[in-house]
Amino acid sequence: MDAGTNDGTISSAVFITATEPEPRKYGKPVVIGGILDHLCERLGPDNVHLVLVGRADIQRPDVPYRRHVLSKPGTVEQATSVLANVVLPPRFRPAGFGQAAGEHAGGRYRHPLQEAVLHSPALGSRIFSAVDEIQADLEIWDTVRMGQYVLERGETARDRSALWPGTSFGHQVKRRILYADDLFSERYDAMLKEQGGSGNPGGEFAKLLPGPAKRLLASPRVHRPLLRLERDLVAASETRQPEYFDGTYLISPEETARLQAKVPGANIGTLPPLLREPSNSRVRYYTGAPEFTFIGGFDYAPNRDGLDWFLKECREAVQQVLPNVVINVVGPGTDAGLPSGEAWGGAVRFLGWVDDLDTVLNGSAALLSPLRTGSGVKIKVLEALARALPVVGTPAGVQGIDGNESSGLLVGQTPQDLASAMLRATDPIRNQQLSAAARTAWDTKYSPAVVRRRYDDIFGLARPIPPETRPIQLPRL
């Protein structure tokens with residue numbers, strides 16, 4: 001085991017988050033859902049709890065685990081928190097949650113916006129009341145947005161390891177983990193370096209903001225300086241919080257290594273996503289059609305930015321080598337299209353969300369992932385590998401995935417590079433070789449059997465999973 005003080009007797013768990021884990025239509029709910037699935041299988045659904053900060057007045061799908069919904073701060077409370085924790089200098093700020101005079105870190109530093117919109121003494125009290133009542137052996141706190149509350153209680157992982165059972169605040173948890181997800185500071189830095197710096201600093205957590213704040217963030221005059229400020233404040237949180245957890249985990253191995261270098265001595269590791277095995281993952285019949293598929297919702301700025309760049313800058317190079325090329329665009333909001341797609345005529349199909357992704361992907365030569373910014377691991381790339389589908393992408397588009405052509409990836413930086421890669425992917429023999437490489441990468445690095453063993457190690461779950469090895473089957477041409 002590589003984290004915490006657990007002795008192999010974890011029998012219950014709680015996951016604390018502000019992200020709705022259902023439905024699993026994009027990356028973050030997919031990751032959270034995989035964690036919850038594994039915990040339910042290992043511990044039993046009745047011993048797995050979700051503390052969810054969100055709206056209390058909406059219908060949610062039934063889930064096997066126990067869900068506890070806490071209302072997020074209201075508009076006035078959010079505005080007050082942003083003023084106090086982001087705008088005002090730290091010396092004018094009141095002590096943090098749980099601190100009588102601000103002796104610990106809580107309340108005496110400037111919070112990033114994504115923490116401030118969820119920073120509330122009342123919410124902190126409700127969260128810990130729920131967690132203390134549940135008394136789980138394992139606590140998983142989702143990103144710095146939730147991790148701020150552990151920090152503000154002022155008890156580091158080292159403090160806890162020195163305490164006798166029962167002397168900690170609340171109950172004596174055996175393992176407290178921060179799921180940091182991505183290094184958001186690096187995502188914002190990449191957005192700033194791109195010409196125009198058009199990325200919205202709200203990102204996924206913008207869903208927590210009131211309407212006026214969302215409209216304000218959409219203004220180019222606001223979001224670029226705010227992006228710069230958010231980058232710096234999030235970077236400080238990313239290095240500040242690991243001290244308060246038995247383990248801090250990111251989804252990308254490369255980002256794990258960089259955070260380890262910034263926080264020497266902290267227990268920092270990689271938590272890969274647990275994806276379900278596709279039903280038709282071992283047989284692909286590709287006949288040479290110049291068809292490609294882009295997957296990504298337009299509510300995520302790097303998706304929209306990357307596709308827009310590709311459609312504007314790569315059309316001439318791609319259509320020169322593949323005059324009959326077809327590009328399917330799949331994901332929430334994509335049915336609205338992009339003006340940059342008009343010059344392609346009918347070659348770009350904006351399909352919106354599709355329920356049967358396999359039908360779209362089965363006829364494709366490759367997944368297209370031309371992102372320019374982003375962080376973490378691209379779930380859609382892993383899903384392509386699981387389906388033995390090659391991937392054509394930029395370095396940012398395949399970030400966090402280990403390998404190149406040996407893993408079914410064709411990576412290019414310029415329009416000419418990407419056009420050449422797309423042409424190579426349409427050769428049936430070469431495509432078959434890339435397909436086999438993609439599926440082998442999935443089987444050995446990212447399959448459920450591999451990831452579940454990793455989760456057992458991270459979460460301190462004792463029962464091992466036997467290795468799973470099955471031969472890949474590809475058709476003869």
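The values are calculated or read from the model by the stated rules, or taken from the named source; none is laboratory data. Computed from a prediction, not measured in an experiment: that's the story for all the values here. Positions of Cβ are backbone-derived with ideal geometry, glycine not excepted, and every protein chain shown enters the neighbour counts. We work out accessible area using only protein heavy atoms, side chains counted, and drop any ligands, DNA or RNA first. Shrake-Rupley method; radii C 1.70, N 1.55, O 1.52, S 1.80 Å.
Among the residues that make up the range 415-435, is at least one of them outside any helix (DSSP H, G or I), under 27 Å from the mean Cα position of the chain (by Cα) and touching a residue at least 60 places away in the same chain (Cβ under 8 Å)?
The answer is no, given that none of the residues of the range 415-435 is outside any helix (DSSP H, G or I), under 27 Å from the mean Cα position of the chain (by Cα) and touching a residue at least 60 places away in the same chain (Cβ under 8 Å).
Residue pairs, Cβ under 6 Å, 6 or more apart or interchain, first in the range 14-39 and touching a residue at least 60 places away in the same chain (Cβ under 8 Å), second assigned to a helix (DSSP H, G or I) and aromatic (Phe, Trp, Tyr). List them.
Within 6 Å, the pairs are 38/455.
Quick check on the range 375-407: of everything there that is open to solvent by less than 20 Å² (accessible area, probe 1.4 Å) and among the polar types (S, T, N, Q), which residue is nearest to the chain's Cα centre (by Cα)?
Among those that are open to solvent by less than 20 Å² (accessible area, probe 1.4 Å) and among the polar types (S, T, N, Q), it is 375.
Suppose we filter the range 353-363 for residues that are outside any loop (DSSP other than H, G, I, E, B) and either in contact (Cβ under 8 Å) with a residue 40 or more places away in the chain or open to solvent by less than 20 Å² (accessible area, probe 1.4 Å) (or both); how many remain?
Taking the range 353-363 as the starting set, the residues that turn out to be outside any loop (DSSP other than H, G, I, E, B) are 357-362.
Applying the additional criterion that residues be either in contact (Cβ under 8 Å) with a residue 40 or more places away in the chain or open to solvent by less than 20 Å² (accessible area, probe 1.4 Å) (or both) yields 357-358, 360-362.
Count: 5.
Would you mind stating whether residue 441 is under 24 Å from residue 366 (Cβ atoms), crowded, with 21+ Cβ neighbours inside 10 Å, modelled with pLDDT under 95 and touching a Leu at 6+ places or on another chain (Cβ under 7 Å)?
Yes; evaluated as a whole, the condition is true for this residue.
Return the total of residues in the range 327-352 being within 21 Å of residue 366 (Cβ to Cβ) and part of a loop (DSSP other than H, G, I, E, B).
2
Just to be sure before I move on: is residue 290 of a type outside the set (Gly, Ala, Ser), under 27 Å from residue 339 (Cβ atoms) and at pLDDT below 90 in the structure I sent?
Answer is no for this residue.
Give me the residue from the range 364-396 that is polar (S, T, N, Q) and assigned to a loop (DSSP other than H, G, I, E, B) and, out of that set, modelled with the lowest pLDDT.
First pass over the range 364-396, keeping only residues polar (S, T, N, Q): 364, 369, 373, 375, 394.
Imposing the further condition that a residue be assigned to a loop (DSSP other than H, G, I, E, B) reduces the set to 364, 373, 375, 394.
Numbers: 364: 94, 373: 78, 375: 66, 394: 94.
Restricting to residues being polar (S, T, N, Q) and assigned to a loop (DSSP other than H, G, I, E, B), the top hit is 375.
Of all residues in the range 239-277 being under 18 Å from residue 399 (Cβ atoms) and polar (S, T, N, Q), which is surrounded by the most Cβ atoms within 10 Å (Cβ to Cβ)?
Ranking the qualifying residues of the range 239-277, first place goes to 252.
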